[in-house]
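The block underneath contains the structure these notes are about, expressed in structure tokens.
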Amino acid sequence: MRETIRHLTPIARRIIDSTRDLAPIILVIAFFQIIVLQQPFPNLWNVVVGLVCVVIGLALFIQGLETGLFPIGEVLAQGFARKGSVIALLSFAFCLGFGTTVAEPALIAVAGEAASVASEAGVIEDSDRARSDYAVRLRMVVAFSVGLAIVLGVFRILKGWPIHYLIIGGYVLVTVMTIFAPAEIVGVAYDSGGVTTSTITVPLVTALGVGLASSIRGRNPMVDGFGLIAFASLTPMICVLGYGMVV
């Protein structure tokens, strides 16, 4: 079986691997729907078509990561490292974090939902303009915070700082800020940390860290190259909590 898969085209192998990866999820959903709830699937044909689209989309996405995003991220990081300009490298890191987060589909969806809930709760005016402005401001705050997070993570790689001290300090700060932040913003802040680590941000940021660590003498890509995503999850929580406390 493995020999057969090895001789297939890359896309075919990806489709088989994606089907295998999604199989546990499908089995769990089918078990609870059929055995526990004892109900048929509503719109079964639509569910099947959706699953096929998910499998094909996941296969194409992973193939695209390995073919384009990971290599370009590593090449850019290595190019900036050879250039020797810390300012240029940090500027690129900020722009990469900001740009990928602004375009993150999960963040766009969460910001829009948060704006709708805020208008219903009376926190902002119940109008399309107010909801749009709220969503855009929230996205900008999160994107700016991720840009700062990537800058901090790159600077950590350059200096060789231990990552656990920064992470522990960050979560202590989040805990303290949660006590003083408005209750309405706490949930949004915590969710903003999760939505920033999704389909667009993670591949490019990870490639940046690994490429940079592999280009600097004395740095281990396995030890020093990873960890940027942790900053990208942590910093938005801090900034959104601070945004809620100020605004």
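The values are calculated or read from the model by the stated rules, or taken from the named source; none is laboratory data. Given the structure is predicted, the values throughout are model-derived calculations rather than measurements. Note: ideal-geometry Cβ built from the backbone for every residue, glycine included; neighbour counts use all protein chains shown. What goes into the accessible areas is simple: the full protein's heavy atoms, side chains included, and nothing from ligands, DNA or RNA. Shrake-Rupley method; radii C 1.70, N 1.55, O 1.52, S 1.80 Å.
Before I look further, what does region 25-166 give for accessible area per residue, probe 1.4 Å, in whole square angstrom?
59 Å²
Just need the relative contact order of region 1-92 here, percent rounded to a whole number, with Cα pairs under 8 Å and 6+ apart. Show your work: numbers first, answer last.
Numbers: 32 pairs, mean separation 28.8, N = 92.
It rounds to 31 percent for region 1-92.
Measuring from label point to label point, each 7 Å out along Cα→Cβ, what is the Ile25 to Val136 span in nm?
3.3 nm
So how much slack lies between Thr9 and Met245, counting 0.36 nm per residue of separation and subtracting their Cα-Cα distance, in nm? If you can, show how the numbers build up before the last one.
Values: separation 236, 0.36 × 236 = 84.96 nm, distance 5.34 nm.
Gain on stretching Thr9 to Met245: 79.6 nm.
What is the local net charge at Gly227, summed over the other residues whose Cβ is closer than 15 Å to its Cβ (Lys, Arg +1; Asp, Glu -1)?
Overall, the nearby charge balance is +2.
If the chain between Glu184 and Asp128 were fully stretched, how many nm would it gain, using 0.36 nm times the residue separation less the Cα-Cα distance?
18.2 nm
Please work out the FRET efficiency for the pair Ile35 and Ile168, using the Cβ-Cβ distance as r and a Förster radius of 41 Å; give the result to the nearest 0.05.
The formula returns an efficiency of 0.40 here.
For a Förster distance of 22 Å, can you work out the FRET efficiency between the beta-carbons of Trp161 and Met222, rounded to the nearest 0.05?
That pair, Trp161 with Met222, gives E of 0.85.
So for region 165-234, averaging the separation of alpha carbon pairs under 8 Å that are six or more residues apart and normalising by length, what relative contact order in percent results?
36 percent
With a/c under 1.5 counting as rounded, go ahead and sort region 100-140 into rounded, prolate or oblate using the C-alpha gyration tensor (a ≥ b ≥ c being the square roots of the eigenvalues; past the cut-off, prolate if a/b is larger than b/c, else oblate). Intermediate results must be reported in sequence, preceding the final value.
Numbers: a/c = 2.90, a/b = 2.09, b/c = 1.38.
The shape class here is prolate.
I need the phi-derived Karplus couplings for region 98-113: 6.51 cos²θ - 1.76 cosθ + 1.60, θ = phi - 60°, integer Hz, Gly and Pro marked x.
In residue order, the calculated couplings are 5, x, 5, 6, 4, 8, 5, x, 5, 5, 4, 5, 5, 5, x, 5 Hz.
What order, most packed first, do the peptides 221-231, 31-41 have when packing is the mean number of other Cβ atoms within 10 Å of each residue?
221-231, 31-41
Can you tell me the relative contact order of the chain? Whole percent, Cα pairs under 8 Å, sequence separation 6 or more.
24 percent
If I stretch the segment between Ile87 and Ala121 completely, what's the gain in nm (0.36 nm per residue apart, minus their alpha carbon distance), one decimal?
Gain on stretching Ile87 to Ala121: 7.9 nm.
For region 188-238, divide the Cα radius of gyration by the Kirkwood radius and give the resulting Rg/Rh value with two decimals.
The Rg/Rh ratio comes out at 1.07.
Treat every Asp and Glu Cβ in the chain as -1 and every Lys and Arg Cβ as +1, leave all other atoms uncharged, and give the resulting dipole magnitude about the Cα centre to the nearest 20 debye.
That gives the chain a dipole magnitude of about 1040 debye.
Which order do the peptides 124-134, 109-119 come out in when sorted by mean C-beta neighbours inside 10 angstrom, highest first?
So the peptides 124-134, 109-119, ranked by packing, come out 109-119, 124-134.
If a/c stays under 1.5 just call it rounded; otherwise compare a/b with b/c (prolate if a/b is bigger, oblate if not). Do that for the chain, with a ≥ b ≥ c from the square roots of the Cα gyration tensor eigenvalues.
oblate
Based solely on its DSSP helices, what 222 nm [θ] is calculated for the chain when runs of n ≥ 4 H residues each add -39,500 (n - 2.57) and the sum is averaged over all residues, nearest 500 deg cm²/dmol?
Result for the chain: -26500 deg cm²/dmol, rounded to the nearest 500.
Of Leu208, Leu148, Gly122, whose Cα points farthest to the positive end of the dipole of the chain (charges on the beta-carbon: +1 Lys, Arg; -1 Asp, Glu; origin at the Cα centre)?
Checked the options; the winner is Leu208.
Rounded, prolate or oblate: which fits region 43-175 when a ≥ b ≥ c are the square roots of the eigenvalues of the alpha-carbon gyration tensor, with rounded for a/c under 1.5 and prolate only if a/b beats b/c?
Oblate, because a/c is 1.5 or more while a/b does not exceed b/c.
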